[in-house]
Amino acid sequence: MEFLNTFIKAAFIENLVLAYFLGMCSYLAVSKSVKTAFGLGLAVIFVLGITMPINWVISEYLLSENGLFGVDLTFLRFILFIAVIASMVQLVEMVVEKFSPSLYAALGIFLPLITVNCAILGGSLFMVSREYSFSDSIAFGLGGGFGWFLAIIAIAAIREKIRYSNVPPGLRGLGMAFILTGLMGIAFMSLMGIDPAAYAAN
Amino acid sequence: MAETAVKEKEPLFQFGKKERQLLTDPLNDNNPITVQVLGICSALAVTSLVYPSVVMAVAVTFVTAFSNLFTSMLRNYIPKQVRMIVQLVIIASLVTVVELLLKSFNYPIYKQLSVYIGLIITNCIVMGRLEAFAMANKPWRSFLDGIGNGLGYGAILIIVGIIREIFGKGSLFAGSPIEMKIIGPTADYFINTTDSAFFGWYANNNLMVLPAAAMFIIGILIWIQRSYNTKLVDVS
């Protein structure tokens, strides 16, 4: 139950893109067609789901004061986290290249750029600052990835349609994407009622 | 071009037209947020108040400037295959420095920015400038380019922060030593809405406190900028 709770919270209520602005760069750049957005979204779910438990183990057993070394090594957190993420992304890249060359070609430069997708590192940092347990960290990773996936699919679908509308020239493309994201953020806020605690806090 | 055999040695630090352009270009024509669309991730969440936005802007400027400088110094020694890792290590070390400095000198703001300081590492603008500029240019110019981009980025952050704080909270620079209370329901505020004849109707706009407001404001800023600067209009 706890697992499901964290998952839903991460996916809908505290959506990484719409509530925390994480992963905006690739979110805006790759959301021009649903097909590529789908691939990138899957890759993000995968990388988040893997890196989150690994980073949990690292921060719990290597970097904390009662860990393996018995010294407080939290100042190494950024470097170690980013190293784990970079190597995982490399792994995903190799797997995708092997099993789906067409997807690999479609994602192009954006696959290596998942390394600098703020959602991945941000997720790990949130996990540390919120003191999640191990199972929670898995739920948060998968849920956060799923929320990111939903958001990018939704905006890509809207942007595909809006291409045929008569938008003022200055607002075309990027400006419209920002405003749409804002509206989606407000729409997602209505899901806050799912979690009674979050509802009470507001 | 008639290249003479004796090539004049370029001075290490010069400040001419090109250098000035490196500083001013990112403020408008090549703004990191509104034109390059990089580095939106880590920043917008801190813009609900001005003071954290200023701190964030300074931190990002510091990191872009020095990571550009160091990468540019090392650019001839970094093997192509591992350049991402090398760059990330440089950035991560600088961000750790910023984090520790903030933690020791200004703990409340460190708490407030929380994970967003760490997220400067994955701020695409830092990485983007390293790839696009520092790997191909001399240290001094890269340094200026870093400062310029940091400032262009900070400018947007602060504009968004000012709009959101005035309309959302009725104050400016809340939490800092120069806090100004502008409009609100108690006597501490400059315009007191409870007994003012003109501003009795006024209430803070709660939309501005929500994350979505930052999106709207940036969208509108892009609109304004592109209306003046028509060469930036998206034609696709």
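Test B:GLN81 against the criterion of being without any contact (Cβ under 8 Å) to a residue 60 or more places away in the chain, open to solvent by less than 50 Å² (accessible area, probe 1.4 Å), polar (S, T, N, Q) and farther than 30 Å from B:SER176 by Cα, and give yes or no. Judged against the criteria, B:GLN81 is not a match. Take the conditions (1) within 14 Å of chain A (Cβ to nearest Cβ); (2) within 30 Å of A:MET127 (Cα to Cα); B:ALA132 misses just one of them, which is (2). Here A:GLU160 passes the criteria (1) touching a residue at least 40 places away in the same chain (Cβ under 8 Å); (2) open to solvent by less than 60 Å² (accessible area, probe 1.4 Å) except the one numbered (2).
Please state which one of B:LEU74, B:LEU119, B:LEU130 is crowded, with 16+ Cβ neighbours inside 10 Å, of a type outside the set (Gly, Ala, Ser) and free of Cβ contacts under 8 Å to residues at least 24 places away in the same chain.
Details: B:LEU119 fails: free of Cβ contacts under 8 Å to residues at least 24 places away in the same chain; B:LEU130 fails: free of Cβ contacts under 8 Å to residues at least 24 places away in the same chain.
Being crowded, with 16+ Cβ neighbours inside 10 Å, of a type outside the set (Gly, Ala, Ser) and free of Cβ contacts under 8 Å to residues at least 24 places away in the same chain holds for just one of B:LEU74, B:LEU119, B:LEU130, which is B:LEU74.
Of all residues assigned to the stretch A:39-58, none qualifies as being of a type in the set (Gly, Ala, Ser), assigned to a helix (DSSP H, G or I) and surrounded by fewer than 18 Cβ atoms within 10 Å (Cβ to Cβ). Only one entry of B:VAL58, B:VAL89, B:VAL98 meets the criterion of being more than 14 Å from chain A (Cβ to nearest Cβ) and modelled with pLDDT of 80 or more, and that entry is B:VAL58. Being over 23 Å from A:PHE38 (Cβ atoms) and among the β-branched types (Val, Ile, Thr) holds for only one residue in A:VAL128, A:VAL92, A:VAL96, and it is A:VAL128.
Candidates are the residues of the stretch B:19-55 that are modelled with pLDDT of 80 or more and within 11 Å of another protein chain (Cβ to nearest Cβ); the one that is farthest from B:THR122 (Cα to Cα) is B:THR47. B:TYR228 fulfils the conditions (1) within 14 Å of chain A (Cβ to nearest Cβ); (2) modelled with pLDDT of 75 or more; (3) surrounded by 15 or more Cβ atoms within 10 Å (Cβ to Cβ); (4) within 30 Å of A:PRO169 (Cβ to Cβ) except for a single criterion, (3).
When the test is whether a residue is within 14 Å of the chain's Cα centre (by Cα), among the small types (Gly, Ala, Ser), away from chain B (no Cβ under 13 Å) and open to solvent by less than 20 Å² (accessible area, probe 1.4 Å), A:GLY123 does not pass it. For the stretch A:81-88, the criterion of being touching a helix residue (DSSP H, G or I) at 6+ places or on another chain (Cβ under 6 Å), surrounded by fewer than 24 Cβ atoms within 10 Å (Cβ to Cβ) and within 14 Å of B:ILE121 (Cβ to Cβ) is satisfied by at least one residue. Look at (1) within 18 Å of A:SER133 (Cβ to Cβ); (2) in contact with a helix residue (DSSP H, G or I) (Cβ under 6 Å, 6 or more places away or on another chain); (3) modelled with pLDDT of 80 or more and you find that A:LEU4 fails only one, number (2).
Just give me the residues in the stretch B:192-220 being part of a helix (DSSP H, G or I) and either among the polar types (S, T, N, Q) or touching a residue at least 40 places away in the same chain (Cβ under 8 Å) (or both), in sequence order.
B:ASN206, B:MET208, B:VAL209, B:PRO211, B:ALA213, B:ALA214, B:MET215, B:ILE217, B:ILE218
Per-residue answers, yes or no, for (1) surrounded by fewer than 17 Cβ atoms within 10 Å (Cβ to Cβ); (2) under 30 Å from B:ILE222 (Cβ atoms); (3) not aromatic (Phe, Trp, Tyr):
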| position | (1), (2), (3) |
| --- | --- |
| B:LEU157 | no, yes, yes |
| B:GLY161 | no, yes, yes |
| B:ARG164 | no, yes, yes |
| B:LYS169 | no, yes, yes |
| B:LEU172 | no, yes, yes |
| B:GLU179 | yes, no, yes |
| B:THR186 | yes, no, yes |
| B:TYR189 | no, no, no |
| B:ASP195 | yes, no, yes |
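The values are calculated or read from the model by the stated rules, or taken from the named source; none is laboratory data. Computed from a predicted model, the values in this text were never measured in an experiment. Heads up, the Cβs are rebuilt from the backbone with ideal geometry, glycines too, and the neighbour counts pull from every protein chain shown. Please note that ligands, DNA and RNA were not included when accessible areas were found on the heavy atoms of the full protein model with its side chains. Shrake-Rupley method; radii C 1.70, N 1.55, O 1.52, S 1.80 Å.
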